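Q: Here it is, the structure, as structure tokens.
The values are calculated or read from the model by the stated rules, or taken from the named source; none is laboratory data. Everything numeric in this text was worked out from a predicted model, so none of it was measured. Cβ placement follows ideal geometry from the backbone for every residue including glycine, while neighbour counts extend to all protein chains displayed. For accessibility, only protein heavy atoms count, side chains too; no ligands or nucleic acids. Shrake-Rupley method; radii C 1.70, N 1.55, O 1.52, S 1.80 Å.
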Amino acid sequence: MHVHRAIAALRSDQAAQRRMQSAMELAMAQWRELEKTAAIADELSQFDLGRPLTHLPNLHALMIDHAVAQRETARFFDIVMSALAQNPLGETPLRHSSSEGFARMQLMQSGGTTLSLCTYEPVEHVKEPIVANFVDCDVFEIVLAGTADGQFHTLDDRHGIGPRVKSDRTHWRASDCFRLRASVNSRDIVIVAQTLLVLQLSRSPKVRGPSREIQLNNNTLIRSVSGDKSASEKVMALAVLGALDHREGIGAMEAFAKNATEDRDARWEAVRQVLAMDSRRGVELLSELATGYENSLSEPASTLIQHLRNGQPHLFSLIESVA
């Protein structure tokens, strides 16, 4: 691996590293101390406590007025770029993440509320979305620059016939602003014509509800993931046991699935893993859950048994023997 000589020199010079870190932290402090930045940060805290966005003039203007949004982000970039010009190997001390064609930098946070800059770049291989993800999080976005095409999804499950997703083609361009309502709306940016820069304000509730992944062509619920961190950790643990084909743990998984005090989505993950490792025991578990009194998994268990009857003939005899 080739390491640039400037990076190699910095590695061995701890004093230079500390100076660079101090310079970047000073730049962030200068930005945070700006009157307008401080006002926005204060209103972000109020928004996190549940105050309506329309009652917060600085934050509201930031998310609906393109000129205001551009001006405030320009102030941030002016300070950061000035610090980076003097410290080319410096790193902005803000949380950030990236993947192919996408990068996010978190500018502010208060509780479950964050203000972030998101960048979408053109990618070589474009994939049309086949699922839509709905999360328990209110999101407000304003496009600062660029253009892109994608889809806007709306979930409706009010009529007792299962979730239904309506998808509309959408074109994004500078100054567009919109809201994604928690558990109701989502969007997919598919084709980026010009690098898209988006300012995003998101707020999660104190007790977060489940996230749902729904297949677009037939409205099938693919997955429901608990908003509870502890439950999510249990789902991951169950998935690992399944991936390792840990058959000695099937009994414990069955007991977990029957435990009504555990998270519903984590219990359903246990059912999935038992089915994958031992079909007969999985069908027996489904049958028991389907007939259970006041069991939150009785309906999905009954539905899955019916799907297996219709779509998996080789399991039909198993179902009949335990139904």
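Q: What number of residues within the stretch 291-307 satisfy the criterion of being hydrophobic (A, V, I, L, M, F, W, C), open to solvent by less than 30 Å² (accessible area, probe 1.4 Å) and over 13 Å from Arg267 (Cα atoms)?
A: Count: 1.
Q: Listed residues Glu288, Glu262, Glu269; which is modelled with pLDDT of 80 or more and crowded, with 18+ Cβ neighbours inside 10 Å? Steps first, please.
A: On the way: Glu288 fails: crowded, with 18+ Cβ neighbours inside 10 Å; Glu262 fails: crowded, with 18+ Cβ neighbours inside 10 Å.
None of the others qualify; the one that does is Glu269.
Yes/no matrix, rows are residues, columns are (1) touching a Lys or Arg at 6+ places or on another chain (Cβ under 6 Å); (2) at pLDDT below 85; (3) not small (Gly, Ala, Ser):
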{"position": "Asp278", "(1), (2), (3)": "no, no, yes"}
{"position": "Glu284", "(1), (2), (3)": "no, no, yes"}
{"position": "Asn295", "(1), (2), (3)": "no, yes, yes"}
{"position": "Ser298", "(1), (2), (3)": "no, yes, no"}
{"position": "Ile305", "(1), (2), (3)": "no, yes, yes"}
{"position": "Asn310", "(1), (2), (3)": "no, yes, yes"}
{"position": "His314", "(1), (2), (3)": "no, yes, yes"}
{"position": "Ser321", "(1), (2), (3)": "no, yes, no"}
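Q: Considering only the stretch 61-83, how many residues are open to solvent by 50 Å² or more (accessible area, probe 1.4 Å), touching a strand residue (DSSP E or B) at 6+ places or on another chain (Cβ under 9 Å) and not hydrophobic (A, V, I, L, M, F, W, C)? Show your work before the answer.
A: Restricting attention to the stretch 61-83, the residues satisfying the condition of being open to solvent by 50 Å² or more (accessible area, probe 1.4 Å) are 64-65, 67, 70-71, 75, 77-78, 81-82.
Next, only the ones that are touching a strand residue (DSSP E or B) at 6+ places or on another chain (Cβ under 9 Å) stay: 64-65, 70.
Within this subset, residues satisfying the condition of being not hydrophobic (A, V, I, L, M, F, W, C) are 65, 70.
So the count comes out to 2.
Q: Go through (1) under 23 Å from the mean Cα position of the chain (by Cα); (2) at pLDDT below 95; (3) surrounded by fewer than 17 Cβ atoms within 10 Å (Cβ to Cβ); (4) under 21 Å from Leu197 (Cα atoms) for Glu121 and report which single condition fails.
A: (2)
Q: Got a number for residues in the stretch 198-252 being open to solvent by less than 40 Å² (accessible area, probe 1.4 Å), modelled with pLDDT of 90 or more and part of a strand (DSSP E or B)?
A: Residues in the stretch 198-252 being open to solvent by less than 40 Å² (accessible area, probe 1.4 Å), modelled with pLDDT of 90 or more and part of a strand (DSSP E or B): 6 in total.
Q: Here is a further query. Taking the stated definitions as given, is Leu117 assigned to a loop (DSSP other than H, G, I, E, B) and of a type in the set (A, V, I, L, M, F, W, C)?
A: no
Q: Sticking with this one: Answer yes or no as to whether Gln70 is more than 21 Å from Leu94 (Cβ to Cβ) and part of a helix (DSSP H, G or I).
A: Judged against the criteria, Gln70 is not a match.
Q: Looking for something out of contact with any Leu (no Cβ under 9 Å at 6 or more places or on another chain), crowded, with 17+ Cβ neighbours inside 10 Å and acidic (Asp, Glu) - is there at least one such residue anywhere in the stretch 139-148?
A: So far as the stretch 139-148 goes, no, none of its residues is out of contact with any Leu (no Cβ under 9 Å at 6 or more places or on another chain), crowded, with 17+ Cβ neighbours inside 10 Å and acidic (Asp, Glu).
Q: Okay, next question. Take the residues in the stretch 26-60 that are part of a helix (DSSP H, G or I) and of a type in the set (Asp, Glu); name whichever of them is surrounded by the fewest Cβ atoms within 10 Å (Cβ to Cβ).
A: Within the stretch 26-60, the match that is surrounded by the fewest Cβ atoms within 10 Å (Cβ to Cβ) is Glu35.
Q: Here are Arg181, Arg173, Arg164: which of them is closer than 21 Å to Phe47 by Cβ and open to solvent by 70 Å² or more (accessible area, probe 1.4 Å)?
A: The match here is Arg181.
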